[in-house]
Amino acid sequence: MTVFKCYMKILKKNIGLISIYLIIFFSTAMILQASAKKEHLEDFEKTRINLAIADQDDSTLSHALTEYLKTIHNVYRISAEPTVMQEELFYRNAEYIVQIPKDFYKTCIVDENPLSVTKVPGSYSSFYVDQQINAWLNSIRTYTAAGFSQKEAAAAALEQSVSEVTMYHDEETAVETPGYTYYFRYIPFLFLAVLCYSMGYILLAFRKEDIQKRMLASAISTRRQNLEGLLAMFTISLLLWLIAVVGAGVMYGKELLTSKVLGYYLLNTFLMLTIALSLAYLIGLFMKNINMLNGFSNIISLGICFLSGVFVPMNIMDKKVLMVAQFLPVYWYENVNETLSRYHVVSGKVAVDIWKSMGIEVMFTFALLALILAVSKYKRQG
């Protein structure tokens, strides 16, 4: 097992850089896990902003508008003096000021003139309040047009029922994205970065002229050397895969281990491993020195990951970029990962789509292996 041991010794010399990649990967996963724990749908509540009202009408309807806004915001009354309103905005005591004019009913309800409001420049919450006030004004107009008195219209508008939204979920669809989805999303970067560098470094060492001459003169057959080399590469890759899988089990525990789609995640990561190993070997065949290897390893791993939805979720990526990404194997890995994040159980059309994507990953692996054989044969003949 001389060749096998030599592979391992070369890998051992580079264990420091590999450890750095592992630390970066697991640190990122832990940060994402901590972030995901803070995001729960049941924690949703309406945003209450500080809102001031300058009431110059002091009527039934102006009081009704004030009471309505108090139910959804932090409301207080101020003077209608311009300097007072300017100070409230300047010191950020209020984000939004409503100026209710005299003869509010005729001006804003009958004549349908808009209320005069002052907002903090660039505040998105101002649009939120605009919609609420317009909805209340439209309700008052509807009630008064139907024959309600101002007092009756104000009471009716205040008593309107609030719509409740219930998130639909069943045994198959996931309400929230599991935390481990983000972990598995970043695995391609770990595999590509580590394998491209380690495999490239090993191949560079074995392509040195003195080493090649010694191997040709060795009593060990070329076939045995190749088999030991393949065994070493498989062992290194399998160790990396086990580290990633065990890390996921440790970090997410029962949540991951009891998942009904765990098998799909493991198979998908293993297919990604075969792609990364094949690509790493192919890149290693073209490298001439360590500086060239470092540059190409970073460009390939980061470039493919950025285009394929590893660092940026697919749902916010440009469609043209995704069309290009379909020619990259990592895209199909991430496609499976995104699908699994939305389902507790895989069946029917969903299962067909997942197996289709995994099949494309296998085809990429075979295509890369064919390229490796072609390049290796060309180099031997050259």
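Yes or no, residue by residue, for (1) within 19 Å of Tyr124 (Cβ to Cβ); (2) hydrophobic (A, V, I, L, M, F, W, C):
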position	(1), (2)
Thr66	no, no
Lys70	no, no
Ile78	no, yes
Tyr96	yes, no
Gln99	no, no
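The set of residues in the stretch 53-77 being under 12 Å from Tyr96 (Cβ atoms) and surrounded by 17 or more Cβ atoms within 10 Å (Cβ to Cβ) consists of Ile53, Ala54, Leu69, His73, Val75. Please tell me if Ile316 is among the aliphatic types (A, V, I, L, M) and without any contact (Cβ under 8 Å) to a residue 12 or more places away in the chain. So Ile316 passes the test.
Residues are listed down the side, and each one gets a yes or a no for (1) in a helix (DSSP H, G or I); (2) of a type in the set (Gly, Ala, Ser); (3) over 23 Å from Val350 (Cβ atoms):
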{"position": "Ala248", "(1), (2), (3)": "yes, yes, no"}
{"position": "Glu255", "(1), (2), (3)": "yes, no, no"}
{"position": "Lys260", "(1), (2), (3)": "no, no, no"}
{"position": "Tyr265", "(1), (2), (3)": "yes, no, no"}
{"position": "Thr269", "(1), (2), (3)": "yes, no, no"}
{"position": "Ala280", "(1), (2), (3)": "yes, yes, yes"}
{"position": "Ile299", "(1), (2), (3)": "yes, no, yes"}
{"position": "Ile304", "(1), (2), (3)": "yes, no, yes"}
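Out of the residues in the stretch 156-192 meeting the condition of being closer than 17 Å to Thr258 by Cα, out of contact with any Asp or Glu (no Cβ under 8 Å at 6 or more places or on another chain) and crowded, with 23+ Cβ neighbours inside 10 Å, tell me which one is modelled with the highest pLDDT. The residue in question is Phe184.
Against the criterion of being over 22 Å from Ile140 (Cβ atoms) and surrounded by fewer than 16 Cβ atoms within 10 Å (Cβ to Cβ), Val110 does not qualify.
Whenever a residue of the stretch 131-147 is on the phi < 0 side of the Ramachandran plot, its partners that are charged (D, E, K, R), lying with C-beta atoms within less than 8 angstrom and at least six residues away or across chains, give the pairs Arg141/Glu112; Tyr143/Glu152.
The single residue among Thr258, Thr274, Thr269 that is over 30 Å from Phe327 (Cβ atoms) and at pLDDT 85 or above turns out to be Thr258.
Of the strands (runs of 3 or more DSSP E) lying entirely inside the stretch 39-124, those carrying at least 3 residues that are at pLDDT 90 or above and out of contact with any Pro (no Cβ under 9 Å at 6 or more places or on another chain) are 50-55, 74-77, 96-100. Among the candidates Tyr331, Tyr378, the residue that is in contact with a helix residue (DSSP H, G or I) (Cβ under 6 Å, 6 or more places away or on another chain) and over 19 Å from Pro178 (Cα atoms) is uniquely Tyr331. Taken over the stretch 324-382, the criterion of being among the aromatic types (Phe, Trp, Tyr) and without any contact (Cβ under 8 Å) to a residue 12 or more places away in the chain is satisfied by Phe327, Trp355, Phe366, Tyr378.
A residue that is surrounded by 14 or more Cβ atoms within 10 Å (Cβ to Cβ), on the phi < 0 side of the Ramachandran plot and part of a loop (DSSP other than H, G, I, E, B) cannot be found anywhere in the stretch 354-377.
Within the stretch 93-110, residues that are among the hydrophobic types (A, V, I, L, M, F, W, C) sit with their Cβ atoms under 6 Å from residues that are in a helix (DSSP H, G or I), at 6+ positions apart or across chains, in these pairs: Ala94/Glu88; Ile97/Met85; Ile100/Ser62; Phe104/Leu61; Phe104/Ser62; Ile109/Ile140; Ile109/Arg141.
Given the residues Ile283, Ile300, Ile290, which is the only one that is in the same structural domain as Ala205 (by TED's automatic domain parsing), modelled with pLDDT under 90 and surrounded by fewer than 16 Cβ atoms within 10 Å (Cβ to Cβ)?
Criteria check complete, one pass: Ile290.
With the structure loaded, tell me whether Tyr201 is of a type in the set (Phe, Trp, Tyr), touching a helix residue (DSSP H, G or I) at 6+ places or on another chain (Cβ under 7 Å) and either more than 29 Å from Ile31 (Cα to Cα) or at pLDDT below 75 (or both) or whether it fails that test. In short, yes. Only residues that are at pLDDT 90 or above and more than 18 Å from Thr269 (Cα to Cα) were counted in the stretch 327-351, giving 1.
The values are calculated or read from the model by the stated rules, or taken from the named source; none is laboratory data. Keep in mind the model is a prediction, meaning the values are calculated, not measured. Positions of Cβ are generated from backbone atoms using ideal geometry, with glycine treated the same way; all protein chains shown enter the neighbour counts.
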